[in-house]
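Undergrad: Let me give you the structure first, and then I'll get to my questions.
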4 protein chains.
Amino acid sequence: MSDPVAELKRDVAIANRILASHGVLDALGHVSARSPLDPSHFFISRSLGPEPVAPADLQEFTFDGTEVHGDPRPPYAERAIHAGIYAARPDVLAVCHNHAPSVIPFGITDLQLRPVFHMAATVGEKIPVWDIAAEFGDTDLLVRSRDQADSLAMTLDSGRVVLMRGHGCAVAGATVREVVFTCVYLQLNAHLQLQTLSVGREPRYLSSGEIERATTTLLQPLTQERTWTTWSQRITLPDE
Amino acid sequence: MSDPVAELKRDVAIANRILASHGVLDALGHVSARSPLDPSHFFISRSLGPEPVAPADLQEFTFDGTEVHGDPRPPYAERAIHAGIYAARPDVLAVCHNHAPSVIPFGITDLQLRPVFHMAATVGEKIPVWDIAAEFGDTDLLVRSRDQADSLAMTLDSGRVVLMRGHGCAVAGATVREVVFTCVYLQLNAHLQLQTLSVGREPRYLSSGEIERATTTLLQPLTQERTWTTWSQRITLPDE
Amino acid sequence: MSDPVAELKRDVAIANRILASHGVLDALGHVSARSPLDPSHFFISRSLGPEPVAPADLQEFTFDGTEVHGDPRPPYAERAIHAGIYAARPDVLAVCHNHAPSVIPFGITDLQLRPVFHMAATVGEKIPVWDIAAEFGDTDLLVRSRDQADSLAMTLDSGRVVLMRGHGCAVAGATVREVVFTCVYLQLNAHLQLQTLSVGREPRYLSSGEIERATTTLLQPLTQERTWTTWSQRITLPDE
Amino acid sequence: MSDPVAELKRDVAIANRILASHGVLDALGHVSARSPLDPSHFFISRSLGPEPVAPADLQEFTFDGTEVHGDPRPPYAERAIHAGIYAARPDVLAVCHNHAPSVIPFGITDLQLRPVFHMAATVGEKIPVWDIAAEFGDTDLLVRSRDQADSLAMTLDSGRVVLMRGHGCAVAGATVREVVFTCVYLQLNAHLQLQTLSVGREPRYLSSGEIERATTTLLQPLTQERTWTTWSQRITLPDE
């Protein structure tokens, strides 16, 4: 495939399905990618559970949440999360918002989610927690406006992961595959950290130097290709 | 389908299968719906595990537990739970009784099950626990009589969820889909609350205002349609 | 089927498969049934993992472990467990030996496994733990001789369940279906009890009266038929 | 099959798939076997997730990591782990490196992983932990050089299992089947030990004598054949 938009849409569809099969996405999360043709646009599925998402379900949005082709199908209310992060972070080309269960406890306590094993190094050393109530008071916890999304993006700062109190998290990266990779091991790391803490032990975390070096290794094409190929091997998109 | 009874029976059958696939229903729970033609009747499967339930398995009962069409197939002993809740709550049009594992610990301790993330807002702020022994002494814990069911419904009060000590819970709602939605996230919320407590932390719960606002959002057609469609997409009823 | 032996062998084969699908049996446990023709004989599979067991794999043994038809296929080393229990308990017509993971912690600590919800009432009020080392010193922990099995059966006493320290458990009952039922809910109850204890709470256990009444209910044909039918619906034996 | 290399390659491919289906291997672990024709060579898959590994994916390496047939397909970076263990341990004919989740907590705390039930006896009495940082400082935690692998092999010493801090473990054995067996029960034992510790109890561990005797039993052909056959029964390699 030499059409970069078609290839990207295919990756976004597969990403939704991989993350659903790993239990990272339930019926209500989503993955997006910045347009390779116009960096002020991004692609994301119409309002749909993640498992059936196909390239034809993707819509194209500006950062104010407007669909640019007049697609009448209802969009996700929380596409603002993606818009806010793309607007604040030119280096980010893909985003996932999810409610991965093992991540939730770190958003509702003072426990800090930190990498305990090398595969999770890309989550970064200090994962911030954004509490929508701090700035916006009582809400339904959904991030619906650019104001809210900009606040979230400010807490994300220059990292890959930001937790959302009582809600889930947002994960940003330079490629769809990097975002999927980080989501999978973020969830597993959270599980391992909880398991260790549940037996009354404080884990030894990776050092800053280890996080930096392991991140470099994990983002190399060979690793990224191996995990993506392994996770996508049982996925068949319609019309393929 | 323009036949409201046929459509409702189909939803009840699918609800049984969705909740079985989520581990909410084991071999012994059930879902019912109030008749749209006669509000003093409700539909529920004959005695059957939840996975194979099809529309043709549904029977129609009065609130004293009598099958109205003379269907000779054995009914559930605990249809009284449904009768008692429908009798006490005209606003309730669907009910589920289940033994979802992660909910059980909250019925046998002083831990109060409360929403820790937005998807679980519909479970309500304070989930009561009904102990059959308080009024009826040593029993087999099944709710077999209207007396017992009326007592359970009184503890349910105006909420959507009531826990049953050493047994499970009952979940009530305005639609079959709302009940399925609440059951799925009740179970997940219980899991997350236990996980957080197991590392010695008290979770920050949703505020009253957040619960109210999130509930409104979650019960909107778009959310309800998305979850139902996602969860039912792999389910095929016989003769469809 | 009017042949009681054929019907029983079919039930034993299905029981192995149900318990494998529930994670109660791993590659190394087994189910047996006393012969309806000769109460001093029992049927159990030849040495085989539980998932592929078919009626043709069953062998017939005396209580000293001799195969009565000269079947040359290797038997289970631990068939002695079954022999010892049948010899000591004329009321027992079916036995399962398994290593269900959630049961193990109760055999290696002073925690007492007790029913916390009604579905587990058949496990009984006080589940004893048998430690092979107490009488036989350092062994490979397998129960290979009638001496060892008789000691285990003495600890089982008149109950349905006995835990084996550092090994697993044995479950006895009046029918294959009752044994399968007790195994499934024994495992789930152990999980729920551990989960409750892990958040620092002592569960409220069922009372003696509740255990007695719930056991009577659970062993009624309607309940037994419903669980068995639900759990076996996706199982197809060869040549059926 | 009378070709020992073909048979061994088939076992390595099946081993990868068994361990993937048990959750021992995620997208990034691997199994190898020493060549029966040249004890200074070993077979391991080219860089590939474990589920699709087939005999044709195996490459043959010397202990300095050179592929001996000029196969141009990219190899695993961590084939050094295998080389180091084979070089140090003439008795070892098969190795697995994996990131089994339940094992991780024992590498990042002072908790010692020890067998709590008989099936895990082959993991040995005292499982050492190797910390790459002790000798090599900040790294990406991958074992890429023979220096690092030799250090790991020295910590493994004469045992079957060595944990790798913040990374995973390496498991060595006399056959591919023994390694698969040890990996499966190592993971389960770690889970059971964590579960027991999470309720505030110290498990009673197997005694030295029990470990020795149970190991002898578990490595007998009958047990090894039963587990391997059970776990591999649903696996079909390409062209079979």
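Undergrad: In whole Hz, with x marking every Gly and Pro, tabulate ³J(HN,Hα) for the stretch B:151-159 from phi via Karplus 6.51 cos²θ - 1.76 cosθ + 1.60, θ = phi - 60°.
TA: Residue by residue, the stretch B:151-159 yields 5, 4, 5, 5, 6, 4, 6, 9, x Hz.
Undergrad: Can you give the FRET efficiency to the nearest 0.05 for A:R146 and A:S208, using r as the Cβ-Cβ distance and R₀ = 30 Å?
TA: The calculated FRET efficiency here is 0.35.
Undergrad: Can I ask one more? Checking the a/c ratio against 1.5 first, then a/b against b/c, what shape does the Cα gyration tensor give for the stretch D:1-102?
TA: Rounded shape, in that the Cα axes give a/c under 1.5.
Undergrad: Calculate the spin-label point distance for C:D157 paired with D:R73, positioning each point 7 Å from the Cα along the beta-carbon direction, and give it in nanometres.
TA: Result: 6.1 nm between the two label points.
Undergrad: Treating the beta-carbon of each Lys and Arg as +1 and of each Asp and Glu as -1, no other charges, what is the dipole magnitude of chain B about its Cα centre, to the nearest 20 debye?
TA: In debye, rounded to 20, chain B gives about 640.
Undergrad: Next up: Per-residue HN-Hα couplings for the stretch B:214-230, Karplus 6.51 cos²θ - 1.76 cosθ + 1.60 at θ = phi - 60°, whole Hz, x for Gly and Pro?
TA: Values per residue, Gly and Pro as x: 5, 4, 4, 4, 5, 8, 5, x, 4, 5, 4, 5, 5, 5, 4, 5, 4 Hz.
Undergrad: Chain A: Rg/Rh from Cα coordinates, Kirkwood Rh?
TA: 0.95
Undergrad: OK, next. Determine, at each q value in 0.19, 0.22, 0.32 (inverse angstroms), the log₁₀ of I(q)/I(0) that the Debye formula gives when each Cα of the stretch A:106-151 is one equal point scatterer.
TA: -0.73, -0.84, -1.14
Undergrad: Could you tell me which of A:C183, A:Y76, A:Q59 has its Cα farthest along the dipole of chain A towards the positive end, charges placed at Cβ (Lys, Arg +1; Asp, Glu -1), taken about the Cα centre?
TA: Going by the Cα projections, it comes out as A:C183.
Undergrad: Taking beta carbons within 10 Å but only from partner chains, what does the mean come to for residues C:50-56?
TA: 1
Undergrad: Which far-off residues, 5 or more places away or on another chain, put their amide H under 5 Å from the one on C:Q112, with H placed in the peptide plane?
TA: Residues meeting the amide H criterion: none.
Undergrad: Report, in degrees rounded to the nearest 10, the 0 to 90 angle that the Cα long axis of helix D:4-21 makes with the longest principal axis of chain D.
TA: Rounded to the nearest ten degrees, it is 50.
Undergrad: Can you give the % of DSSP beta bridges in the protein assembly as shown that are antiparallel, to the nearest 5?
TA: Taking every DSSP beta bridge within the protein assembly as shown, about 90 percent pair in antiparallel fashion.
Undergrad: Can you list the copy-to-copy distances for C:E7, using a point 7 angstrom from Cα toward Cβ, in nanometres, shortest first?
TA: Reported distances to equivalent positions: 4.7, 4.7, 6.6 nm.
Undergrad: Quick check: at a probe of 1.4 Å, how many percent of the accessible area of chain D sits on carbon and sulfur atoms?
TA: Answer for chain D is 51 percent, counting heavy atoms of protein chains only.
Undergrad: In peptide C:100-113, how many Cβ atoms from other protein chains are near each Cβ within 10 Å, on average?
TA: 5
Undergrad: Ok, one more. Hey, can you list the residues from the stretch B:179-217 whose accessible area shrinks by 40 Å² or more with all protein chains present, relative to the chain by itself (probe 1.4 Å, no ligands or nucleic acids)?
TA: Those residues are B:L192, B:L194, B:Q195, B:T196, B:S198, B:V199, B:R201, B:R204, B:E210, B:R213, B:T217.
Undergrad: Using a 1.4 Å probe and counting only protein heavy atoms, how much accessible surface gets buried when C and D come together, both sides summed, in Å² to the nearest 100?
TA: Accessible area lost upon association: around 2800 Å².
Undergrad: While we're on this one: For a Förster distance of 45 Å, can you work out the FRET efficiency between the beta-carbons of B:A134 and B:S21, rounded to the nearest 0.05?
TA: Computed FRET efficiency for B:A134 and B:S21 comes out at 0.85.
Undergrad: Taking amide H positions as placed 1.01 Å from N in the peptide plane, with prolines and chain starts having none, which residues 5 or more places from A:H41, or on another chain, fall under 5 Å of its amide H?
TA: Answer set, sorted by chain and number: A:S35.
Undergrad: So the label point sits 7 Å from Cα along the Cα-to-Cβ vector; using that for D:P72, what distances do you get to the other copies, in nanometres, sorted shortest first?
TA: Computed spacing set for this position: 5.4, 5.4, 7.7 nm.
Undergrad: If you line up the Cα atoms of the protein assembly as shown on their principal axes, what length do they span on each, largest first, in Å?
TA: Ordered largest first, the protein assembly as shown gives principal extents of 82, 82, 48 Å.
Undergrad: Dipole of the stretch D:139-211 (Lys/Arg Cβ +1, Asp/Glu Cβ -1, origin at the Cα centre): which of D:L152, D:S208, D:S198 lies farthest to the positive side?
TA: About the Cα centre, the residue reaching furthest to the positive side is D:S198.
Undergrad: Just counting partner chain Cβ atoms within 10 Å, what average do the residues of peptide B:114-121 show around their Cβ?
TA: 6
Undergrad: Still on this model: Between copies, how close do the B:R204 label points come, placed 7 Å along Cα→Cβ, listed in nm from shortest?
TA: Result, one decimal in nm: 3.2, 3.2, 4.6.
Undergrad: Name the nearest-to-axis residue of chain A, judged by Cβ distance to the rotation axis taking chain A onto chain B, and quote that distance in whole Å.
TA: Here the value is A:S198, 3.
Undergrad: Would you list, by chain and number, the lysines whose Cα falls below 24 Å from the Cα of A:K9, excluding same-chain residues fewer than 8 positions away?
TA: none
Undergrad: Any aspartates and glutamates with Cα under 12 Å of the B:K126 Cα? List them, leaving off those in the same chain fewer than 8 positions away.
TA: B:K126 reaches B:D157.
Undergrad: Leaving out ligands and nucleic acids, and using a 1.4 Å probe, what accessible area per residue does chain C come to in Å²?
TA: 35 Å²
Undergrad: Return the sequence-ordered ³J(HN,Hα) values of the stretch A:186-196 in whole Hz as given by the Karplus equation 6.51 cos²θ - 1.76 cosθ + 1.60 applied to θ = phi - 60°, using x for Gly and Pro.
TA: Couplings: 4, 4, 5, 4, 4, 4, 5, 5, 4, 4, 5 Hz.
Undergrad: Can you quote the Å³ per residue value for the convex hull of the Cα atoms in the stretch C:115-240, rounded to an integer?
TA: Measuring per residue, one finds 157 Å³ for the Cα hull of the stretch C:115-240.
Undergrad: Going by average Cβ neighbours within 10 Å, how do the peptides B:23-29, B:107-113, B:165-171 rank, with the highest at the top?
TA: B:165-171, B:23-29, B:107-113
Undergrad: Can you tell me the dipole magnitude for the stretch C:1-78 around its Cα centre, using point charges on the Cβ only (Lys, Arg +1; Asp, Glu -1), in Debye to the nearest 20?
TA: Dipole magnitude for the stretch C:1-78 comes out near 160 debye.
The values are calculated or read from the model by the stated rules, or taken from the named source; none is laboratory data. Bear in mind that the values here come from a model prediction, so they are computed numbers and not experimental data. Virtual Cβ from ideal backbone geometry, glycine too; neighbours counted across all protein chains shown. Please note that ligands, DNA and RNA were not included when accessible areas were found on the heavy atoms of the full protein model with its side chains. Shrake-Rupley method; radii C 1.70, N 1.55, O 1.52, S 1.80 Å.
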